[in-house]
Amino acid sequence: MAALAGVSPAAVSKTFNGTGSISAATEARIREAARKLHWTPSASAVALRRARSQTVGLVLNRQSSSSSLSATSADLITGLESVLAEHDYGLLLHLFTREGGEEATVYRKLSDSRRVDGVVLTDSTIGDQRYGLMRELGLPAVLVGVPWGDDPIPHLPSEGDGGIDEVAQHLLSLGHHRIAYVGGPAERVQATIRRTAFERTLREAGADPRPVLSAASYSAAESAALTRSVLAAEDRPTAVVYGNDVMAIAGMRVAREAGLRVPEDLSIVGYEGSVFSEWTEPQLTTVQRNVVQRGRAAAAILLQQLGEKDVAPVELVPPHLVVRGSTAPRG
């Protein structure tokens, strides 16, 4: 290729490795020669020269070895991959379960083996120890979420209450004042922020949130059990808000089993805006998030940390309420 372009091999190397300086005309001749020869630089060779793996790690914590990836995780991966691929990076996915040992061990192995250049963290928890671990390992990281306390770990801009305030106002406007909340795990930072926002909004409106429950996981089974408990109360709520769409769909089934009509007897609101929310009967009122977009934003932040140039930041759109058929005025 150097001969075709009429340049030295060193000039070719400078062009595709981004080292040194050559004239724009020379670079143009080299790239034209590469196009004619259908040549692209070897990803493994580039990684070796950079002393990098050209790989980003993502460790996802599953509840058990039998549980599958959620739709939210799949969307996050889609967003990450779309940006990483643009910059010739790969994604190393590690599915972690408590049965498999300590999560910190996974990160130490990834760092010690130099299999990844950086990692994407999810599911921020109260008292999260991973932030300090990343600094100890010298492993670049970005958190998809809100860090606990004032930790300086790079993270995406906060979603605030994530649309939960909008949900509470919507249900109040429909005349609901006995509203239950079945949210995510109590140790999750974002789940705590949403739960607190829900309680605050109702109390400011003179309504009493009852009850407010935290599930051990965002699963249908957890939701079904908690929903049965909520609906068994003598003064059962007239509306229930859930931590995600899967939980809400499970709640709709439990309500029907209890002889309640949705939304005539019980209004139900989900969270996430998954594709499934449009295929329930009635269609599910939910908070729409763009998890693919958040994955793209996280990848961009991490690549910038790794010194990659020409990585455009990704603008994030706040979650918003999508009103459908599962909510109605209190009967």
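The values are calculated or read from the model by the stated rules, or taken from the named source; none is laboratory data. Bear in mind the structure is a predicted one, so any value in this text is a computation, not a measurement. Backbone-built Cβ (ideal geometry, glycine too); neighbour counts: all protein chains shown.
In table form, for the structure just shown:
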| item | result |
| --- | --- |
| Unique match (being touching a strand residue (DSSP E or B) at 6+ places or on another chain (Cβ under 7 Å), surrounded by 14 or more Cβ atoms within 10 Å (Cβ to Cβ), under 16 Å from R294 (Cβ atoms) and not assigned by TED's automatic domain parsing to the domain that holds E187) among V120, V116 | V120 |
| Breaking point among (1) in contact with a Leu (Cβ under 9 Å, 6 or more places away or on another chain); (2) over 22 Å from L321 (Cα atoms); (3) not in a helix (DSSP H, G or I), for S217 | (1) |
| Pairs, first under 23 Å from D265 (Cβ atoms) in segment 282-298, second modelled with pLDDT under 95 and among the polar types (S, T, N, Q), C-beta under 8 Å, six or more apart | Q283/S277; L284/S277; T286/S274; T286/S277 |
| Every residue from segment 111-140 that is of a type in the set (D, E), farther than 19 Å from S53 by Cα and in contact (Cβ under 8 Å) with a residue 60 or more places away in the chain | D123, D128 |
| Any pair with Cβ under 6 angstrom, 6 or more apart, that starts in segment 167-195 at a residue that is on the phi < 0 side of the Ramachandran plot and ends at one that is of a type in the set (D, E, K, R) and not in a helix (DSSP H, G or I) | H176/R330; R194/D161 |
| Residues (surrounded by 14 or more Cβ atoms within 10 Å (Cβ to Cβ) and either touching a helix residue (DSSP H, G or I) at 6+ places or on another chain (Cβ under 7 Å) or modelled with pLDDT under 90 (or both)) located in segment 304-317 | V311, V314, L316 |
| Some residue of segment 275-283 being in a strand (DSSP E or B), on the phi < 0 side of the Ramachandran plot and either assigned by TED's automatic domain parsing to the domain that holds P185 or not small (G, A, S) (or both) | no |
